[in-house]
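Undergrad: The structure follows.
The values are calculated or read from the model by the stated rules, or taken from the named source; none is laboratory data. Quantities reported herein were computed from a predicted structural model and do not represent experimental measurements. We place every Cβ from the backbone using ideal geometry, glycine too, and count neighbours over all the protein chains shown. Side chains are part of the model used for accessible areas, which takes the heavy atoms of the whole protein and leaves out ligands, DNA and RNA. Shrake-Rupley method; radii C 1.70, N 1.55, O 1.52, S 1.80 Å.
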Amino acid sequence: RAPAPAAPARSDRSRAPRPARPQVTPEELRSLRGSVEEVEEVAAGREAGSSRRGRRRAERKRQAKQSGANVLSFKQAPPSEAVTLTEGITVREFAEKLGVKAKDLIRMLFDRGMMATINHVLDVELAQEIASELGVESLLVSFEEEVQLQQEKDLDSGEEDGSPRAPVVTIMGHVDHGKTTLLDSLRSSKVVESEHGGITQHIGAYQIDSDGKKIVFLDTPGHEAFTLMRARGARVTDLVVLVVAADDGVMPQTLEALDHAKAAGVPIIVALNKMDRENADPDRVKKELADRDLMVEEWGGQTVAVPISALKGDGLPELLEMIGLTADLLELKANPDLPAQGVVIEARKEPGRGILATVLVQNGSLRGGDIFVTGATWGRVRSMLDDRNRRVDVAGPATPIEVSGFNELPEAGDLFQVVEDESKARGVADFRQQELRQHQLGQGPGKVSLEMLFEQIQQGAVKELPVVLKADVQGSVEVLVDTLGRISTDQVKVEVIGSGVGAITTNDVLLASASNAIVVGFNVRPERKATELADRNQVDIRLHTVIYELSDEMRKAMTGLLEPTFREVTSGRAEVRETFKVPKVGSIAGCHVVEGVIPRNASARLLRDNVVVHEFDCGIRLDRYQDYKPGDTIEAYVQEEVAPTL
């Protein structure tokens, strides 16, 4: 047998002896165990104490968030009156209004998770919430309203005083009744010759002198600007001169102007123009105005009527005298020492000069270099020109002026306010631009609609339902006005604020938008621009061809029983260019499609001057109707069922 292999030799390290364990006596072991227990108790105590302090700190933060009184303290006493909160209010301004320290307010905002500085712009809803937590009453107003409130307080305290100012007069009436000719005669200028076709294409603001007194006249190309300004809350005019041609009588635009003036609640002076004509009949005009609840003084009413001839200048002194007397009764006052306040009449972009706006200064004085806020923009006055293109250094109250220096294009009707601080102007404009973008992204405030009428009645939001009525003939208008008047109930009153004959125009939509009304059309259609404007402003337009259907729909809407309706969706429009007669077929309309498409199976109607002439169910060749005329419009549409919402 082979011998077993020898075991490997161990190293010297493996053969080294292990160190002996230390010997611990029982007394030392007991003392060591006691030290360990003490260390563990101390560590546990520190952890417990830290946890209790954390809970107390979190509780203090929670209480600070729930009650601002734990963080904020008034310097003296809480405000005795309601504090006003405006767009673009900063932390510094809010702290001054509340009477607290700005650093305490910043710390309170930090506890709410908001990193703010002393110049940080606060959201008005958050500011209102903080004021409520402190027990301070707050009032949300616009920046211009706050300035006006402060000026009224100064006026009550005797610090500021007002002086008489010139009246602002708006000239309105039917086209070609002599509005601009009247203004031309008053100014002794040639405005009409500069207008295209003798028709006003823009808004003019002019100032004249009458026996040492100034009068400001506004000439509008219709009623759009007049109503838009009122819709934005701008009270521009003090009284209205309604121009009516004595040889033509009351016309549709005359009635529209009358409705707009009544809705604005301003005094009306009637100028019976063209009295030099042989066929002038002022009594007929007075009777037609009386039928519209506008009674002249000669017939026992309150309205002044002055016969004039704008072309020859007859009766103009008497008209100016009546304007002056009416202005004296209104007791119009303004303070030229205040920062300028006003309203934008019109605005445009001009190459080489930038953005220009016609501003009517209503209170205070405007000077070159003044910083201003208007709507969602701001700027600095670079130059000022009057209505005769003369440079002006200072514009006082009731002065129309052309101002340059806007950063962006303002809108007609925007309020104009001079401020001292550029950062304040920039903050207010930036805040309004942000609000405007959010409004455009979201859904704007809804107008009154028949679908939501019952719910708003139940909530008490609607006490009166204004209606703008348009029909094909005057007889239908009278019947519908009487029918709608009898629909009124104890909860809501139906009131016709405007009515007329013809298509639904943009003026009708603007009047409805400014008055929160609905538009009712009987046997008429809205113009394309009017439809687009109604969609943009959320104005409800109702179209009917049967009177009892209209009254039934109104009653059901007021009682919450409105059933699903059908909404017309226009698919296309075609304009009739020529007509052809085909044997054994009949008349064929040669058309040009100007919008959309004309489906073969779509319903259609024939419009002549935007008034429904015939409805049919066929293509371009009209079934059971062959009286085409060049210029007619064939409109194709389909009916979509719309369920009511409550």
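Undergrad: Distance between the C-alpha centers of the stretch 376-395 and the stretch 254-318? Whole Å please.
TA: 35 Å
Undergrad: Tell me, what is the 1.4 Å probe accessible area of Glu455, in Å² to the nearest 10?
TA: Answer for Glu455: close to 60 Å² accessible.
Undergrad: Assuming 0.36 nm per residue, please report the length gained on full extension of the stretch Gln474 to Asp209 beyond their Cα-Cα distance.
TA: Separation in residues times 0.36 nm, less the Cα-Cα distance, equals 91.2 nm.
Undergrad: Here's a follow-up. By accessible area of protein heavy atoms, probe 1.4 Å, what ranking do Glu408, Glu87 get, highest first?
TA: Glu408, Glu87
Undergrad: Related question: At a 10 angstrom cut-off on C-beta neighbours, averaged per residue, how do the peptides 168-177, 591-600, 529-538 rank from highest to lowest?
TA: 168-177, 529-538, 591-600
Undergrad: Here is a further query. Please list 412-422, 489-499 highest first by mean number of surrounding beta-carbon atoms within 10 Å per residue.
TA: Averaged packing, sorted descending, gives the order 412-422, 489-499.
Undergrad: Now a separate question. With Cβ to Cβ distances under 12 Å as the rule, what net charge do the other residues near Ile106 carry (K, R +1; D, E -1)?
TA: Surrounding charge for Ile106 is +3.
Undergrad: Stretch Lys75-Val594 to full length: gain in nm at 0.36 nm per residue minus the Cα-Cα span?
TA: 179.8 nm
Undergrad: Something else about it: May I ask for the net charge around Ile89, where only other residues with Cβ less than 12 Å from the Cβ of Ile89 are counted and Lys, Arg are +1 while Asp, Glu are -1?
TA: -3
Undergrad: Quick check: pseudo-label points 7 Å beyond the Cα along Cα→Cβ at Val546 and Glu318, how many nm apart are they?
TA: 5.4 nm
Undergrad: Sticking with this structure for a sec: Can you tell me the FRET efficiency between Lys556 and Glu422 if r is taken as the Cβ-Cβ distance and R0 is 51 Å, rounded to the nearest 0.05?
TA: For Lys556 and Glu422, the calculated efficiency is 0.35.
Undergrad: Carbon and sulfur atoms: what percent of the 1.4 Å accessible area of the stretch 229-303 do they account for?
TA: Heavy-atom surface of the stretch 229-303 belonging to carbon and sulfur, 1.4 Å probe: 43 percent.
Undergrad: For the stretch 322-419, run through the trypsin sites (Lys or Arg not before Pro) and keep only the ones in DSSP coil with at most 16 other Cβ atoms within 10 Å of their Cβ.
TA: Arg353, Arg388, Arg390
Undergrad: Still on this model: What is the extension gain from Lys584 to Asp482, computed as 0.36 nm multiplied by their sequence separation minus the C-alpha to C-alpha distance, in nm to one decimal?
TA: Computed gain between Lys584 and Asp482 is 32.0 nm.
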